[in-house]
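Asks: Here you go, one structure.
The values are calculated or read from the model by the stated rules, or taken from the named source; none is laboratory data. Owing to the predicted nature of the structure, the values given are computational and were not obtained by experimental measurement. Here Cβ is always computed from backbone atoms with ideal geometry, including for glycine, and neighbour counts include all displayed protein chains. The accessibility values were calculated without ligands, DNA or RNA, using every heavy atom of the protein model including side chains. Shrake-Rupley method; radii C 1.70, N 1.55, O 1.52, S 1.80 Å.
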Amino acid sequence: ELTITFDSEGGDVRDYRRDLRLDDAVARTTYRVGDVTFARETFASASDQALVTRITSDRARALTFRVALARKENATVTPEGADSLLMSGQLVSKDYEGSMKFACRLRVIREGEEREFAIVIPDGGTASATDGAVRVEGANAATILLTARTDYRDKSFDRTCKSQLDSAASRKFDDLRARHVADHRKLFDRVKLLLGRTN
């Protein structure tokens, strides 16, 4: 589970809107808390094998949140360095010895750092990893990247997970979205469905 908790939660939320545009397969959410508008775009990129979420605010340094990785059983989340987390584990099955192993890696990259194995790339503000989570404070925007692998068909699953995250993190958000949309439209644009209009 990937859980994002915003410091703005609990405030007076107005103008809340969610939509999923089928022509680009991007889910969008916008809302206002006080005088700040927050927006999120989320998509699952087949071309980059990553889940991508971009979070922005229309006021400088207004974005503060905590993003955590967790699983209810058979997983551990441990820090790797000052700003990285590794979630790893193995499923338990009484019917199958040597059950499936899995891994998910997380790291916060701040502006100016080398973009390597990143899950959260903050625009401004600070980022730190503690207690199975990454906390971003006072940012203008952040891109969250998530990759995960199992050993079901890939015995080098942990290395593959690192490689996919490294590749996605080396790209700007606009590039990730453009690659995702182009890949999606290769299939989606073959058919159009018109449901009519209402007045």
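For every residue, the table says whether it meets (1) in contact with a Phe, Trp or Tyr (Cβ under 7 Å, 6 or more places away or on another chain); (2) in a strand (DSSP E or B); (3) at positive phi.
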{"site": "TYR16", "(1), (2), (3)": "yes, yes, no"}
{"site": "ARG32", "(1), (2), (3)": "no, yes, no"}
{"site": "THR53", "(1), (2), (3)": "no, yes, no"}
{"site": "ARG59", "(1), (2), (3)": "no, no, no"}
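Asks: Let me ask another. Can you find a residue that is part of a helix (DSSP H, G or I), in contact (Cβ under 8 Å) with a residue 24 or more places away in the chain, open to solvent by 50 Å² or more (accessible area, probe 1.4 Å) and out of contact with any Pro (no Cβ under 6 Å at 6 or more places or on another chain) anywhere in the stretch 184-198?
Replies: Checked against the condition, which is being part of a helix (DSSP H, G or I), in contact (Cβ under 8 Å) with a residue 24 or more places away in the chain, open to solvent by 50 Å² or more (accessible area, probe 1.4 Å) and out of contact with any Pro (no Cβ under 6 Å at 6 or more places or on another chain), the stretch 184-198 yields at least one hit.
Asks: Since GLY89 meets every condition but one in (1) crowded, with 18+ Cβ neighbours inside 10 Å; (2) in a strand (DSSP E or B); (3) modelled with pLDDT of 80 or more; (4) not basic (Lys, Arg), which condition does it not meet?
Replies: Result: GLY89 fails condition (1) only.
Asks: Out of ALA70, ALA27, ALA39, ALA75, report the one residue that is small (Gly, Ala, Ser), at pLDDT 90 or above and in contact with a Leu (Cβ under 8 Å, 6 or more places away or on another chain). Let's see the steps before the verdict.
Replies: On the way: ALA70 fails: in contact with a Leu (Cβ under 8 Å, 6 or more places away or on another chain); ALA39 fails: in contact with a Leu (Cβ under 8 Å, 6 or more places away or on another chain); ALA75 fails: in contact with a Leu (Cβ under 8 Å, 6 or more places away or on another chain).
Matching residue, one of ALA70, ALA27, ALA39, ALA75: ALA27.
Asks: Please go through the stretch 17-76 and give me each residue that is open to solvent by 40 Å² or more (accessible area, probe 1.4 Å), in contact with a helix residue (DSSP H, G or I) (Cβ under 9 Å, 6 or more places away or on another chain) and polar (S, T, N, Q), ordered by number.
Replies: SER47, GLN49
Asks: Go over the candidates PHE65, PHE38, PHE43 one by one and state the one that is free of Cβ contacts under 8 Å to residues at least 60 places away in the same chain and not in a loop (DSSP other than H, G, I, E, B). Please lay out each step first, then the result.
Replies: Working: PHE65 fails: free of Cβ contacts under 8 Å to residues at least 60 places away in the same chain; PHE43 fails: free of Cβ contacts under 8 Å to residues at least 60 places away in the same chain.
Residue meeting the stated conditions: PHE38.
Asks: Now, a different point. For the stretch 92-109: of the residues being in contact with a helix residue (DSSP H, G or I) (Cβ under 9 Å, 6 or more places away or on another chain) and open to solvent by 50 Å² or more (accessible area, probe 1.4 Å), which is modelled with the highest pLDDT? I'd like the intermediate steps shown before the answer.
Replies: We begin by selecting, within the stretch 92-109, every residue in contact with a helix residue (DSSP H, G or I) (Cβ under 9 Å, 6 or more places away or on another chain); these are 101-107, 109.
Now restrict to residues that are open to solvent by 50 Å² or more (accessible area, probe 1.4 Å): 101, 107.
On the way: LYS101: 95, ARG107: 67.
Top of the filtered list is LYS101.
Asks: For the stretch 152-167, state whether one or more residues are touching a residue at least 12 places away in the same chain (Cβ under 8 Å) and assigned to a loop (DSSP other than H, G, I, E, B). I'd like the intermediate steps shown before the answer.
Replies: To start, the set of residues in the stretch 152-167 that are touching a residue at least 12 places away in the same chain (Cβ under 8 Å) comprises 152, 157-158, 161-162, 164-167.
Checking which are assigned to a loop (DSSP other than H, G, I, E, B) leaves us with 152.
Yes, that holds for at least one residue.
Asks: Run LEU176 past the list (1) among the hydrophobic types (A, V, I, L, M, F, W, C); (2) out of contact with any Asp or Glu (no Cβ under 7 Å at 6 or more places or on another chain); (3) touching a residue at least 24 places away in the same chain (Cβ under 8 Å) and report the number of the one that doesn't hold.
Replies: Unmet condition: (2).
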